[in-house]
1. Please report, to one decimal in angstroms, the Kirkwood hydrodynamic radius of region 12-133 built from all distinct Cα-Cα pairs.
2. What spacing in nm lies between the two simple spin-label points modelled at residue 55 and residue 138, each 7 Å away from Cα in the Cβ direction?
3. Using the alpha-carbon atoms, what tilt in degrees (0 to 90, nearest 10) does helix 153-164 show relative to the longest principal axis of the chain?
4. How do 85-91, 111-117, 8-14, 59-65 rank on mean C-beta neighbours within 10 Å, highest first?
5. On a 0 to 90 degree scale, rounded to 10, what angle separates helix 44-55 from the longest Cα axis of the chain?
6. Treat the count of other C-beta atoms within 10 Å as a stand-in for reagent exposure and order 110, 94 from fewest to most.
7. For 175, 42, 19, what ranking results if the residue with the fewest other Cβ atoms within 10 Å of its Cβ goes first?
8. Eigenvalues of the Cα gyration tensor times 5, then square-rooted: what semi-axes does that give for region 75-175, in whole angstrom, largest first?
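Every read-out reported here was derived from the displayed coordinates using simple, explicitly stated rules and does not represent laboratory data. Keep in mind the model is a prediction, meaning the values are calculated, not measured. Neighbour counts are summed over all protein chains in view; Cβ atoms, including those assigned to glycine, are modelled from backbone coordinates with ideal geometry.
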């Protein structure tokens, strides 16, 4: 059983916040338009939290199994340094991300929601999932948010990390 103290200890060492997209930064629904294009909804609160994390010196990124212009656009809009979509083997791309950024597993917080995320969640120093993630995922991660995917789950993870690192009070004070 992972305790709150264990979670805080893991969060203190985080340097990279990495997120799956569908089901984490979105509610997992995809609107397909008659012309074949698609659209997704992203929570503004998640986006603000990601930008705040970057201001506090954390790297942020997305690791998605689907190709999505909307997801890439949103990640770029937020200034995320790491953007990988249409990834067939997430664990291989994850390893390349760590190598390229000089990171160790212990320095990564990853949030995923479905079975494809399990290999990365097993390696990440702080593994997490939205409240509505697949049961098998929720049972295997260190921490589960109260919020559902696309409804503030990423925000909760960012706050958890920034609080553990003693940065949250300064973030709030800056406003």
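1. Hydrodynamic radius (Kirkwood, Cα only) of region 12-133 equals 14.5 Å.
2. If labels sit at residue 55 and residue 138, their model points lie 3.3 nm apart.
3. Its long axis makes an angle of about 20 degrees.
4. Ranked from most to least packed, the peptides come out as 111-117, 59-65, 8-14, 85-91.
5. The answer is roughly 50 degrees.
6. Taking fewest neighbouring Cβ atoms as first place, the list is 94, 110.
7. 175, 42, 19
8. So the three semi-axes of region 75-175 are 22, 18, 14 Å.
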